[in-house]
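The structure under discussion appears below in the form of C-alpha coordinates.
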Amino acid sequence: MLKLAFKNLWARRRVNGWLFVELIAVTFVGWLLIDPVAVEIWDSTRPVGYDSGSLVVINVAPMPSTSGEYRQEMADSASMMESYRRIIGIVASRPDIESVAAVPDGLYPEASDTYLQSLASPHDTLLVSLGCFYQGTPFFSTYGIRPLPSSPAAAELESASYSYGDDFIVTESVAERLYPGENAAGKVLLYDDGWTPRIVGVVTDVKLKSHIPDPSLAFIVQRREDEWNSCFAVVARVRPGVEPSDVASDLEWMATVAHGNLYAEKIQTYSDLIYSRLVQSGKVSSRNIGISLVVFFLACLMLGVFGTFWLQTGRRSFEAGVMKAFGARPSYIVLSMVLEGVVMALITWAVGCTIYLQYAMKEGLADKMRNTFGMMPNDWASDFSTHFTVISAILLALVLIVVVAGIYIPARGISRVNPVDAIRNE
(Lines give C-alpha, C1' and ligand atoms only; values in the text may rest on other atoms or scores of the structure.)
Protein backbone atom coordinates (compact mmCIF):
# COMPACT_ATOMS: atom_id res chain seq x y z
CA MET A 1 0.00 0.00 0.00
CA LEU A 2 2.91 2.36 0.68
CA LYS A 3 4.21 1.78 -2.83
CA LEU A 4 0.74 2.59 -4.19
CA ALA A 5 0.71 5.81 -2.15
CA PHE A 6 3.96 6.97 -3.74
CA LYS A 7 2.67 6.06 -7.22
CA ASN A 8 -0.56 8.01 -6.67
CA LEU A 9 1.34 11.03 -5.38
CA TRP A 10 3.58 10.98 -8.43
CA ALA A 11 0.64 10.54 -10.78
CA ARG A 12 -1.10 13.51 -9.14
CA ARG A 13 2.06 15.63 -8.89
CA ARG A 14 0.55 18.55 -10.79
CA VAL A 15 -2.49 18.62 -8.52
CA ASN A 16 -0.42 18.08 -5.38
CA GLY A 17 2.35 20.54 -6.27
CA TRP A 18 0.73 23.50 -4.53
CA LEU A 19 -0.13 21.31 -1.54
CA PHE A 20 3.55 20.44 -1.15
CA VAL A 21 4.53 24.12 -1.29
CA GLU A 22 1.75 25.05 1.14
CA LEU A 23 2.77 22.42 3.70
CA ILE A 24 6.45 23.40 3.48
CA ALA A 25 5.49 27.03 4.09
CA VAL A 26 3.24 25.99 6.99
CA THR A 27 6.12 24.07 8.58
CA PHE A 28 8.54 27.00 8.29
CA VAL A 29 6.07 29.61 9.56
CA GLY A 30 4.98 27.21 12.30
CA TRP A 31 8.59 27.06 13.50
CA LEU A 32 8.84 30.85 13.62
CA LEU A 33 5.67 31.17 15.71
CA ILE A 34 5.54 28.05 17.88
CA ASP A 35 9.21 27.86 18.89
CA PRO A 36 9.45 31.09 20.95
CA VAL A 37 6.02 30.55 22.51
CA ALA A 38 6.84 26.98 23.51
CA VAL A 39 10.10 28.11 25.12
CA GLU A 40 8.44 30.99 26.96
CA ILE A 41 5.69 28.75 28.29
CA TRP A 42 8.27 26.19 29.37
CA ASP A 43 10.41 28.81 31.09
CA SER A 44 7.36 30.19 32.90
CA THR A 45 6.74 26.74 34.41
CA ARG A 46 10.25 26.42 35.85
CA PRO A 47 10.17 26.48 39.66
CA VAL A 48 11.68 29.57 41.25
CA GLY A 49 13.49 27.39 43.78
CA TYR A 50 11.76 28.63 46.92
CA ASP A 51 8.28 28.55 48.46
CA SER A 52 6.94 31.80 47.00
CA GLY A 53 3.33 30.83 47.67
CA SER A 54 3.74 31.29 51.45
CA LEU A 55 5.64 34.58 51.44
CA VAL A 56 4.83 38.25 51.79
CA VAL A 57 7.32 41.06 51.26
CA ILE A 58 7.23 44.37 53.13
CA ASN A 59 9.09 47.29 51.55
CA VAL A 60 10.48 49.54 54.28
CA ALA A 61 11.16 53.18 53.39
CA PRO A 62 12.11 56.38 55.23
CA MET A 63 9.48 58.99 55.88
CA PRO A 64 9.86 62.24 53.93
CA SER A 65 11.44 64.99 55.97
CA THR A 66 8.29 67.07 55.45
CA SER A 67 6.15 64.52 57.29
CA GLY A 68 4.74 65.59 60.63
CA GLU A 69 5.99 62.32 62.18
CA TYR A 70 9.56 62.76 60.95
CA ARG A 71 12.12 62.93 63.76
CA GLN A 72 15.42 64.56 62.93
CA GLU A 73 17.25 62.97 65.87
CA MET A 74 16.56 59.49 64.37
CA ALA A 75 17.80 60.28 60.87
CA ASP A 76 21.34 58.92 61.28
CA SER A 77 22.36 55.48 59.97
CA ALA A 78 22.54 53.83 63.39
CA SER A 79 19.03 54.98 64.30
CA MET A 80 17.72 53.88 60.90
CA MET A 81 19.20 50.40 61.37
CA GLU A 82 17.74 50.20 64.87
CA SER A 83 14.32 51.18 63.50
CA TYR A 84 14.68 48.57 60.79
CA ARG A 85 15.40 45.87 63.39
CA ARG A 86 12.39 47.03 65.42
CA ILE A 87 10.17 46.72 62.33
CA ILE A 88 11.45 43.19 61.82
CA GLY A 89 10.39 42.44 65.39
CA ILE A 90 6.94 43.95 64.79
CA VAL A 91 6.42 41.75 61.76
CA ALA A 92 7.71 38.64 63.56
CA SER A 93 5.33 39.24 66.48
CA ARG A 94 2.24 38.88 64.32
CA PRO A 95 0.60 35.54 65.32
CA ASP A 96 0.11 34.24 61.77
CA ILE A 97 3.75 34.90 60.78
CA GLU A 98 6.03 31.87 61.08
CA SER A 99 9.44 33.43 60.36
CA VAL A 100 10.96 36.65 59.10
CA ALA A 101 14.05 37.35 56.99
CA ALA A 102 15.80 40.71 56.66
CA VAL A 103 16.99 41.42 53.12
CA PRO A 104 18.89 44.44 51.77
CA ASP A 105 17.11 46.21 48.96
CA GLY A 106 18.13 45.05 45.48
CA LEU A 107 19.78 41.84 46.72
CA TYR A 108 16.94 39.38 47.20
CA PRO A 109 14.89 37.25 44.78
CA GLU A 110 12.68 39.42 42.54
CA ALA A 111 14.35 42.65 43.69
CA SER A 112 14.48 45.36 41.04
CA ASP A 113 18.28 45.54 40.81
CA THR A 114 20.89 42.98 39.80
CA TYR A 115 24.47 42.77 41.08
CA LEU A 116 27.03 40.53 39.41
CA GLN A 117 30.12 38.76 40.66
CA SER A 118 32.69 36.65 38.82
CA LEU A 119 33.53 33.34 40.50
CA ALA A 120 36.64 31.47 39.36
CA SER A 121 37.84 27.92 39.98
CA PRO A 122 40.52 25.72 38.39
CA HIS A 123 37.77 24.29 36.17
CA ASP A 124 35.82 27.35 35.02
CA THR A 125 34.96 31.02 35.51
CA LEU A 126 31.33 32.04 35.86
CA LEU A 127 29.50 35.36 36.18
CA VAL A 128 26.74 35.03 38.78
CA SER A 129 24.00 37.21 40.24
CA LEU A 130 24.32 38.10 43.91
CA GLY A 131 21.73 37.67 46.62
CA CYS A 132 22.24 38.92 50.15
CA PHE A 133 20.98 38.17 53.66
CA TYR A 134 21.66 39.36 57.19
CA GLN A 135 23.75 37.14 59.38
CA GLY A 136 21.75 35.57 62.20
CA THR A 137 18.37 35.85 60.47
CA PRO A 138 16.47 32.81 59.15
CA PHE A 139 16.86 33.71 55.48
CA PHE A 140 17.01 30.22 53.93
CA SER A 141 14.40 28.83 56.32
CA THR A 142 11.97 31.66 55.57
CA TYR A 143 12.34 31.37 51.81
CA GLY A 144 12.31 27.57 51.89
CA ILE A 145 15.64 27.34 50.07
CA ARG A 146 17.09 23.89 50.77
CA PRO A 147 20.83 23.21 51.20
CA LEU A 148 22.21 20.07 49.55
CA PRO A 149 22.91 17.08 51.84
CA SER A 150 26.65 17.66 51.38
CA SER A 151 26.30 21.27 52.57
CA PRO A 152 25.74 22.67 56.08
CA ALA A 153 22.06 22.83 57.09
CA ALA A 154 20.02 26.01 56.67
CA ALA A 155 20.24 26.98 60.35
CA GLU A 156 24.00 26.56 60.29
CA LEU A 157 24.36 28.65 57.14
CA GLU A 158 22.26 31.41 58.68
CA SER A 159 24.12 31.56 62.02
CA ALA A 160 27.71 30.89 60.89
CA SER A 161 30.37 33.56 61.16
CA TYR A 162 31.27 34.83 57.71
CA SER A 163 33.92 37.03 56.22
CA TYR A 164 31.95 39.69 54.39
CA GLY A 165 32.61 39.60 50.65
CA ASP A 166 34.84 36.53 50.94
CA ASP A 167 32.34 33.75 51.66
CA PHE A 168 29.73 32.60 49.15
CA ILE A 169 26.78 30.24 49.27
CA VAL A 170 26.16 29.11 45.71
CA THR A 171 23.39 27.27 43.89
CA GLU A 172 23.75 23.66 42.78
CA SER A 173 24.27 24.57 39.11
CA VAL A 174 27.04 27.02 39.97
CA ALA A 175 28.77 24.44 42.19
CA GLU A 176 28.60 21.81 39.46
CA ARG A 177 29.99 24.25 36.89
CA LEU A 178 32.89 25.36 39.09
CA TYR A 179 33.67 21.97 40.64
CA PRO A 180 32.08 19.28 38.44
CA GLY A 181 31.51 15.99 40.24
CA GLU A 182 32.94 17.33 43.51
CA ASN A 183 31.52 18.57 46.78
CA ALA A 184 31.95 22.32 46.36
CA ALA A 185 31.22 23.19 50.00
CA GLY A 186 34.49 24.34 51.53
CA LYS A 187 36.25 24.81 48.19
CA VAL A 188 38.41 27.89 47.66
CA LEU A 189 37.90 30.10 44.62
CA LEU A 190 41.02 31.17 42.78
CA TYR A 191 42.01 34.59 41.49
CA ASP A 192 45.24 35.94 39.97
CA ASP A 193 45.42 38.83 42.43
CA GLY A 194 45.67 36.47 45.39
CA TRP A 195 42.07 36.90 46.57
CA THR A 196 40.89 33.50 47.86
CA PRO A 197 37.19 33.56 48.71
CA ARG A 198 35.49 30.26 49.50
CA ILE A 199 32.24 28.43 48.97
CA VAL A 200 30.76 27.78 52.42
CA GLY A 201 27.55 26.10 51.29
CA VAL A 202 25.52 24.85 48.33
CA VAL A 203 21.74 25.17 47.97
CA THR A 204 19.27 23.97 45.36
CA ASP A 205 18.87 26.11 42.24
CA VAL A 206 17.12 29.43 42.76
CA LYS A 207 16.06 32.00 40.19
CA LEU A 208 16.93 35.54 41.22
CA LYS A 209 14.35 36.83 38.75
CA SER A 210 11.38 34.76 37.64
CA HIS A 211 11.54 35.98 34.03
CA ILE A 212 15.16 34.83 33.65
CA PRO A 213 15.75 31.06 33.94
CA ASP A 214 19.44 31.52 34.72
CA PRO A 215 20.30 29.56 37.93
CA SER A 216 23.69 31.28 38.33
CA LEU A 217 23.25 32.73 41.80
CA ALA A 218 25.42 33.20 44.88
CA PHE A 219 24.44 34.52 48.30
CA ILE A 220 26.66 36.66 50.49
CA VAL A 221 26.12 37.71 54.08
CA GLN A 222 25.46 41.31 55.11
CA ARG A 223 26.75 42.40 58.52
CA ARG A 224 24.21 43.68 61.03
CA GLU A 225 26.24 46.81 61.69
CA ASP A 226 26.40 47.87 58.04
CA GLU A 227 25.07 51.32 57.30
CA TRP A 228 21.51 52.05 56.31
CA ASN A 229 21.05 51.83 52.54
CA SER A 230 17.97 54.04 52.05
CA CYS A 231 15.43 51.26 51.44
CA PHE A 232 15.32 47.71 52.75
CA ALA A 233 12.74 44.96 52.78
CA VAL A 234 11.35 42.33 55.12
CA VAL A 235 10.26 38.90 53.85
CA ALA A 236 7.85 36.92 56.03
CA ARG A 237 6.56 33.36 55.80
CA VAL A 238 2.97 32.86 56.94
CA ARG A 239 1.95 29.88 59.03
CA PRO A 240 0.33 26.85 57.36
CA GLY A 241 -3.33 27.45 56.64
CA VAL A 242 -2.92 31.25 56.45
CA GLU A 243 -3.39 33.04 53.13
CA PRO A 244 -0.56 35.50 52.36
CA SER A 245 -3.14 37.77 50.71
CA ASP A 246 -4.93 38.17 54.07
CA VAL A 247 -1.72 39.52 55.62
CA ALA A 248 -0.92 41.73 52.62
CA SER A 249 -4.43 43.26 52.60
CA ASP A 250 -4.52 44.03 56.34
CA LEU A 251 -4.17 47.82 56.11
CA GLU A 252 -4.85 48.34 59.81
CA TRP A 253 -1.89 46.14 60.72
CA MET A 254 0.25 47.72 58.02
CA ALA A 255 -0.14 51.10 59.76
CA THR A 256 1.51 49.62 62.87
CA VAL A 257 4.60 48.44 60.96
CA ALA A 258 6.63 51.55 61.65
CA HIS A 259 9.32 52.84 63.97
CA GLY A 260 11.26 56.09 64.11
CA ASN A 261 11.52 57.48 60.61
CA LEU A 262 10.75 54.18 58.90
CA TYR A 263 7.41 52.74 57.83
CA ALA A 264 5.97 49.94 55.71
CA GLU A 265 5.65 51.59 52.33
CA LYS A 266 4.10 48.56 50.65
CA ILE A 267 3.08 45.01 51.55
CA GLN A 268 2.34 42.41 48.90
CA THR A 269 2.37 38.68 48.45
CA TYR A 270 5.42 37.21 46.77
CA SER A 271 3.17 35.78 44.07
CA ASP A 272 1.99 39.31 43.24
CA LEU A 273 5.60 40.53 43.30
CA ILE A 274 6.64 37.84 40.83
CA TYR A 275 3.72 38.65 38.54
CA SER A 276 4.48 42.39 38.65
CA ARG A 277 8.10 41.67 37.68
CA LEU A 278 6.91 39.55 34.76
CA VAL A 279 4.66 42.40 33.63
CA GLN A 280 7.44 44.98 33.97
CA SER A 281 9.84 42.81 32.00
CA GLY A 282 7.33 42.53 29.17
CA LYS A 283 7.19 38.75 29.41
CA VAL A 284 3.45 38.60 30.10
CA SER A 285 2.54 40.72 27.07
CA SER A 286 5.11 38.91 24.94
CA ARG A 287 3.72 35.52 25.92
CA ASN A 288 0.11 36.63 25.38
CA ILE A 289 0.91 38.05 21.94
CA GLY A 290 2.81 34.87 21.05
CA ILE A 291 -0.05 32.64 22.16
CA SER A 292 -2.52 34.77 20.17
CA LEU A 293 -0.38 34.44 17.05
CA VAL A 294 -0.11 30.67 17.52
CA VAL A 295 -3.87 30.37 17.95
CA PHE A 296 -4.39 32.46 14.82
CA PHE A 297 -1.85 30.32 12.98
CA LEU A 298 -3.63 27.12 14.03
CA ALA A 299 -6.97 28.56 12.93
CA CYS A 300 -5.51 29.43 9.52
CA LEU A 301 -3.91 26.00 9.37
CA MET A 302 -7.25 24.38 10.06
CA LEU A 303 -9.19 26.52 7.59
CA GLY A 304 -6.52 26.54 4.91
CA VAL A 305 -4.77 23.17 4.88
CA PHE A 306 -7.72 21.25 6.30
CA GLY A 307 -10.11 22.83 3.80
CA THR A 308 -7.78 22.27 0.85
CA PHE A 309 -7.35 18.56 1.60
CA TRP A 310 -11.09 18.23 2.19
CA LEU A 311 -11.87 19.67 -1.27
CA GLN A 312 -9.14 17.68 -3.03
CA THR A 313 -10.27 14.43 -1.45
CA GLY A 314 -13.95 15.11 -2.16
CA ARG A 315 -13.15 15.37 -5.87
CA ARG A 316 -11.75 11.84 -5.96
CA SER A 317 -15.15 10.12 -5.95
CA PHE A 318 -14.52 8.75 -9.47
CA GLU A 319 -11.26 7.20 -8.32
CA ALA A 320 -13.01 5.72 -5.29
CA GLY A 321 -15.76 4.35 -7.54
CA VAL A 322 -13.23 2.65 -9.83
CA MET A 323 -11.42 1.12 -6.83
CA LYS A 324 -14.72 -0.11 -5.45
CA ALA A 325 -15.71 -1.57 -8.83
CA PHE A 326 -12.54 -3.69 -8.67
CA GLY A 327 -13.51 -5.00 -5.25
CA ALA A 328 -11.80 -2.56 -2.89
CA ARG A 329 -13.45 -2.24 0.48
CA PRO A 330 -14.35 1.22 1.88
CA SER A 331 -11.78 0.82 4.65
CA TYR A 332 -9.05 0.14 2.07
CA ILE A 333 -10.02 3.22 0.05
CA VAL A 334 -9.96 5.43 3.13
CA LEU A 335 -6.66 3.99 4.33
CA SER A 336 -4.96 4.41 0.96
CA MET A 337 -5.99 8.07 0.71
CA VAL A 338 -4.98 8.80 4.31
CA LEU A 339 -1.64 7.10 3.72
CA GLU A 340 -1.01 9.37 0.73
CA GLY A 341 -1.63 12.36 2.96
CA VAL A 342 0.67 11.03 5.68
CA VAL A 343 3.48 10.47 3.16
CA MET A 344 2.98 13.97 1.76
CA ALA A 345 2.96 15.47 5.28
CA LEU A 346 6.15 13.63 6.25
CA ILE A 347 8.01 14.72 3.12
CA THR A 348 6.97 18.38 3.35
CA TRP A 349 7.61 18.46 7.12
CA ALA A 350 11.14 17.09 6.58
CA VAL A 351 11.83 19.67 3.85
CA GLY A 352 10.40 22.53 5.93
CA CYS A 353 12.39 21.57 9.03
CA THR A 354 15.57 21.23 6.97
CA ILE A 355 15.09 24.72 5.57
CA TYR A 356 14.50 26.10 9.06
CA LEU A 357 17.52 24.21 10.38
CA GLN A 358 19.75 26.29 8.12
CA TYR A 359 18.23 29.44 9.60
CA ALA A 360 18.46 28.09 13.17
CA MET A 361 22.14 27.17 12.81
CA LYS A 362 22.87 30.76 11.80
CA GLU A 363 20.49 32.70 14.05
CA GLY A 364 19.94 30.20 16.88
CA LEU A 365 16.73 28.75 18.21
CA ALA A 366 14.26 30.69 20.36
CA ASP A 367 16.01 32.86 22.94
CA LYS A 368 13.14 35.05 24.08
CA MET A 369 13.80 34.26 27.74
CA ARG A 370 17.57 34.12 27.56
CA ASN A 371 19.99 36.47 29.32
CA THR A 372 23.43 37.56 28.23
CA PHE A 373 25.38 36.25 31.20
CA GLY A 374 25.53 33.18 33.39
CA MET A 375 24.21 29.90 32.09
CA MET A 376 21.00 28.13 31.18
CA PRO A 377 19.35 25.17 32.90
CA ASN A 378 20.37 21.86 31.39
CA ASP A 379 17.18 20.73 29.67
CA TRP A 380 15.61 20.37 26.24
CA ALA A 381 15.20 24.13 25.72
CA SER A 382 18.91 24.86 26.12
CA ASP A 383 20.23 21.86 24.17
CA PHE A 384 20.16 22.62 20.43
CA SER A 385 19.58 19.09 19.11
CA THR A 386 16.93 18.21 21.70
CA HIS A 387 15.26 21.60 21.28
CA PHE A 388 15.09 21.19 17.51
CA THR A 389 13.73 17.65 17.86
CA VAL A 390 10.99 18.64 20.33
CA ILE A 391 9.64 21.58 18.31
CA SER A 392 9.87 19.54 15.09
CA ALA A 393 7.84 16.77 16.73
CA ILE A 394 5.19 19.28 17.82
CA LEU A 395 4.93 20.62 14.27
CA LEU A 396 4.77 17.11 12.82
CA ALA A 397 1.91 16.22 15.14
CA LEU A 398 -0.03 19.35 14.18
CA VAL A 399 0.50 18.85 10.45
CA LEU A 400 -0.44 15.17 10.61
CA ILE A 401 -3.61 15.87 12.61
CA VAL A 402 -4.80 18.50 10.13
CA VAL A 403 -3.90 16.51 7.01
CA VAL A 404 -5.34 13.22 8.25
CA ALA A 405 -8.54 14.89 9.44
CA GLY A 406 -8.88 16.80 6.15
CA ILE A 407 -8.62 13.53 4.19
CA TYR A 408 -10.33 11.03 6.48
CA ILE A 409 -13.68 12.78 6.85
CA PRO A 410 -14.47 13.24 3.10
CA ALA A 411 -12.79 9.93 2.24
CA ARG A 412 -15.30 8.07 4.41
CA GLY A 413 -18.10 9.61 2.37
CA ILE A 414 -16.73 8.89 -1.09
CA SER A 415 -15.68 5.36 -0.08
CA ARG A 416 -19.38 4.46 0.19
CA VAL A 417 -20.24 5.84 -3.26
CA ASN A 418 -21.98 3.54 -5.74
CA PRO A 419 -19.42 2.74 -8.49
CA VAL A 420 -21.98 3.18 -11.25
CA ASP A 421 -23.04 6.63 -9.95
CA ALA A 422 -19.39 7.70 -9.52
CA ILE A 423 -18.47 6.75 -13.09
CA ARG A 424 -21.68 8.27 -14.51
CA ASN A 425 -21.14 11.59 -12.70
CA GLU A 426 -17.55 11.76 -13.93
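Computed over the stretch 237-278, the quotient of the alpha carbon radius of gyration and 2.2 N^0.38 Å is 1.30. Short-range pairs are left out: with C-alpha atoms under 8 Å and at least six residues apart, the relative contact order of the stretch 273-404 is 34 percent. Look at the dipole of the chain built from charges on Cβ: of S161, F306, L339, the Cα furthest out on the positive end belongs to L339.
For the chain, lysine pairs with C-alpha atoms less than 18 angstrom apart, excluding pairs fewer than eight positions apart on the same chain, total 5.
Counting only other residues whose beta carbon sits under 15 Å from that of R71, what net charge do I get with K and R as +1, D and E as -1? Value of the local net charge: -3. A simple rule links phi to the HN-Hα coupling: the Karplus curve 6.51 cos²θ - 1.76 cosθ + 1.60 with θ = phi - 60°, which for the stretch 148-158 gives 5, x, 7, 9, x, 5, 4, 4, 5, 5, 6 Hz, with x for Gly and Pro.
When you restrict to C-alpha pairs under 8 Å that are six or more residues apart and normalise by the size of the stretch 108-199, the relative contact order lands at 28 percent. Normalised by the number of residues in the stretch 29-162, the mean separation of alpha-carbon contacts (under 8 Å, six or more apart) gives a relative contact order of 19 percent. For the stretch 34-50, 3J(HN,Hα) computed residue by residue from phi via the Karplus equation (6.51, -1.76, 1.60; θ = phi - 60°) reads 6, 4, x, 5, 4, 5, 5, 5, 5, 5, 6, 8, 5, x, 6, x, 8 Hz, glycine and proline entered as x. The residue among L148, L278, T66 whose Cα reaches farthest toward the positive pole of the charge dipole of the chain, with charges on the beta-carbon of Lys, Arg, Asp and Glu, is L278. For the chain, carbon and sulfur atoms together expose 58% of the accessible surface, with a 1.4 angstrom probe and every protein chain in place.
What translational D, rounded to a whole number of µm²/s, comes out for the stretch 26-140 from Stokes-Einstein when the hydrodynamic radius is the Kirkwood one over Cα pairs, at 10 °C and 1.306 mPa s? Taking Rh from Cα pairs, D becomes 85 µm²/s. How charged is the neighbourhood of V206? Take every other residue with its Cβ under 13 Å from the Cβ of V206, and add Lys/Arg as +1 and Asp/Glu as -1. The answer is -1.
Protein-only accessible surface at a 1.4 angstrom probe places the residues H123, H387, H259 in the order H123, H259, H387, largest first. In this simple spin-label approximation, W253 and T196 carry label points 7 Å from Cα along the Cα→Cβ vector, and these lie 4.9 nm apart.
Put a dot 7 Å past the Cα of V21, heading toward its Cβ, do the same for V351, and the two dots end up 1.1 nm apart. Based on DSSP H segments of at least four residues, each scored -39500 (n - 2.57), the chain has a per-residue ellipticity at 222 nm of -15500 deg cm²/dmol.
Spatially, the stretch 112-182 and the stretch 236-264 are offset by 29 Å when compared through their Cα centroids. Shown here: volume of the Cα convex hull per residue in Å³, derived from the displayed model; of the candidates (i) 128; (ii) 208; (iii) 159, it corresponds to (ii). Simple point charges give the picture: +1 on the Cβ of Lys and Arg, -1 on the Cβ of Asp and Glu, and for the chain a dipole about the Cα centre of about 3140 debye.
A cut-off of 5 Å between modelled amide H atoms, ignoring neighbours fewer than 5 places along the same chain, links A61 with Y263, E265. Evaluating 6.51 cos²θ - 1.76 cosθ + 1.60 at θ = phi - 60° for every residue in the stretch 170-179, the Karplus couplings come out as 10, 7, 4, 5, 5, 4, 5, 6, 7, 9 Hz, glycine and proline recorded as x.
Computed with a 1.4 Å probe over protein heavy atoms only, the accessible surface of the chain comes to 48 Å² per residue.
For the pair E182 and W380, a Förster radius of 30 Å applied to the C-beta separation gives a FRET efficiency near 0.65, rounded to the nearest 0.05.
Net charge near V100, counting Lys/Arg +1 and Asp/Glu -1 over other residues with Cβ under 13 Å of its Cβ? Local net charge: +2. The overall shape of the stretch 191-306, judged from the alpha-carbon gyration tensor, is oblate: a/c is not under 1.5, and a/b is no greater than b/c.
The values are calculated or read from the model by the stated rules, or taken from the named source; none is laboratory data. Since the structure is predicted, the reported quantities are computational estimates derived from the model, not experimental observations. Positions of Cβ are generated from backbone atoms using ideal geometry, with glycine treated the same way; all protein chains shown enter the neighbour counts. For the accessible areas, the whole protein counts, side chains as well, though only heavy atoms, and no ligand, DNA or RNA atoms are used. Shrake-Rupley method; radii C 1.70, N 1.55, O 1.52, S 1.80 Å.
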